[in-house]
1. Among the candidates SER11, SER46, which residue alone is on the phi < 0 side of the Ramachandran plot, of a type in the set (S, T, N, Q) and in a helix (DSSP H, G or I)?
2. Give the residues of segment 25-45 that are closer than 18 Å to ARG64 by Cβ and within 11 Å of the chain's Cα centre (by Cα), sorted by residue number.
3. Considering only residues that are open to solvent by less than 20 Å² (accessible area, probe 1.4 Å) and at pLDDT 95 or above, which ones fall in segment 26-40?
4. Which numbered condition trips up LEU63, out of (1) in a strand (DSSP E or B); (2) open to solvent by 80 Å² or more (accessible area, probe 1.4 Å); (3) in contact with a His (Cβ under 8 Å, 6 or more places away or on another chain)?
5. Which numbered condition in (1) free of Cβ contacts under 8 Å to residues at least 40 places away in the same chain; (2) among the β-branched types (Val, Ile, Thr); (3) touching a strand residue (DSSP E or B) at 6+ places or on another chain (Cβ under 6 Å) is the only one that THR45 fails?
6. Within segment 49-59, take every residue that is part of a loop (DSSP other than H, G, I, E, B) and surrounded by fewer than 15 Cβ atoms within 10 Å (Cβ to Cβ) and give me the one that is nearest to the chain's Cα centre (by Cα).
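The values are calculated or read from the model by the stated rules, or taken from the named source; none is laboratory data. Here the structure is a predicted model, which means the values were calculated and not measured. Note that each Cβ is placed from the backbone with ideal geometry, even for glycine, and that neighbours are counted across all protein chains shown. Each accessible area value is taken on the protein alone, full model and side chains, heavy atoms only, with ligands, DNA and RNA left out. Shrake-Rupley method; radii C 1.70, N 1.55, O 1.52, S 1.80 Å.
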Amino acid sequence: MDQHITVDWTSCQGHGLCAELLPEHITLDEWGYPLVNDRPIPPRTSKRARRATADCPALALRLREG
């Protein structure tokens, strides 16, 4: 099953670390908040996706199946 990155907007504080760790899936808007594309996370980047969700200072990222 495919995995996707989602953002909990009530928790996100715009630190931008996620875009540094997973630049092929997350970019930042002009205020530093993440813009997540809707493509599935390929298996070759799933480890970095898990790291991005774990290292988020606000714990605002989630990996979801489907």
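1. SER46
2. HIS25, ILE26, PRO34, LEU35, VAL36, ASN37, ASP38, ILE41 - these are the residues of segment 25-45 that are closer than 18 Å to ARG64 by Cβ and within 11 Å of the chain's Cα centre (by Cα).
3. Listed by number, the residues that qualify are ILE26, PRO34.
4. (2)
5. (3)
6. Once the filter is applied, the top-ranked residue is LEU59.
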